[in-house]
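J.: Supplied in structure tokens, the structure appears directly below.
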Amino acid sequence: MKVRVENVTRGTTLAEVAQVADNLLTRFIGLQGRARLEEGHGLVIRPCSGIHTMFMRFPIDVIYVNRDDRVVHLERAIAPWRVGRVMREARYVVELPAGTIARSGTQLGDQIALR
């Protein structure tokens, strides 16, 4: 399944096309094996409260979102072979090309929508 990810608070689009990883296999594979993540693309992993970038080849921005679709944590340009923070209140994460958080002005508390 694919969705559009929007920051409703800022009136910006975070990803025109985001793949949804919502089963054991798609959550396990994530972005592994890809050469890069195109601008305007992303990956929504649900349920998810923490990520890693093992076996990845490029940095990513990660937005952690709670049950109310509010941003509870942001990680910018996480390099490959790193482990992100675990946020218990996160229901899902959105993985995006590095720089997306800054370009969109996304901040803690912003409302996110998957359409």
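The values are calculated or read from the model by the stated rules, or taken from the named source; none is laboratory data. Note that this is a predicted model, so its numbers are computed, not measured. Ideal geometry is used to build each Cβ from the backbone, glycine not excepted, and the neighbour counts take in all protein chains shown. Quick note on the areas: whole protein, heavy atoms, side chains included, nothing else; ligands and nucleic acids left out. Shrake-Rupley method; radii C 1.70, N 1.55, O 1.52, S 1.80 Å.
J.: Can you give me the distance in nm between label points at LYS2 and ARG76, each placed 7 Å from the Cα along the Cα-to-Cβ direction?
T.: Distance between the two pseudo-spin positions: 3.0 nm.
J.: Continuing with the same structure: Can you work out the accessible area per residue across the chain, with the rest of the protein chains kept in place, probe 1.4 Å, in square angstrom? Intermediate values should be presented prior to the final figure.
T.: Numbers: 6150 Å² over 115 residues.
Heavy-atom accessible area per residue stands at 53 Å².
J.: Consider just the alpha-carbon atoms of region 53-99 and return their Rg together with their Dmax, both in angstrom.
T.: 10.7, 32
J.: Could I ask something else about it? Taking K and R as +1 and D and E as -1, what net charge do the other residues with C-beta under 9 Å from the C-beta of CYS48 add up to? Intermediate values should be presented prior to the final figure.
T.: On the way: positive: ARG27, ARG46, ARG91; negative: none.
Within the 9 Å Cβ shell, the charges total +3.
J.: Could you give the length gained on full extension between ARG46 and LEU24, defined as 0.36 nm per residue of separation minus the Cα-Cα distance, in nm? Can you show the working numbers first?
T.: Values: separation 22, 0.36 × 22 = 7.92 nm, distance 1.00 nm.
Here the answer is 6.9 nm.
J.: Here's another thing I want to ask about it. Got a sec to turn the phi values of region 103-115 into Karplus ³J(HN,Hα) couplings, 6.51 cos²θ - 1.76 cosθ + 1.60 with θ = phi - 60°, whole Hz, x for Gly and Pro?
T.: 5, 8, x, 4, 9, 4, x, 4, 8, 10, 10, 9, 10
J.: Given C-alpha coordinates of the chain, what is the ratio Rg to Rh with the Kirkwood estimate of Rh?
T.: Numbers: Rg = 12.4 Å, Rh = 13.6 Å.
Value, to two decimals: 0.91.
J.: Sticking with this structure for a sec: I need the phi-derived Karplus couplings for region 3-8: 6.51 cos²θ - 1.76 cosθ + 1.60, θ = phi - 60°, integer Hz, Gly and Pro marked x.
T.: Residue by residue, region 3-8 yields 9, 9, 10, 10, 9, 5 Hz.
J.: What net charge do the residues around TYR64 carry, taking every other residue with its C-beta under 14 Å from that of TYR64, with Lys and Arg at +1 and Asp and Glu at -1?
T.: Details: positive: ARG46, ARG67, ARG70, ARG76, ARG85, ARG88, ARG91; negative: ASP61, ASP68, ASP69, GLU75, GLU89, GLU95, ASP110.
Summing Lys and Arg as +1 and Asp and Glu as -1 gives 0.
J.: Another question, if that's okay. Determine the sum of side-chain charges near GLU89: Lys and Arg each +1, Asp and Glu each -1, restricted to other residues whose C-beta is under 11 angstrom from that of GLU89. List each step's numbers first, then the result.
T.: Working: positive: ARG67, ARG70, ARG88, ARG91; negative: ASP68.
In short, +3.
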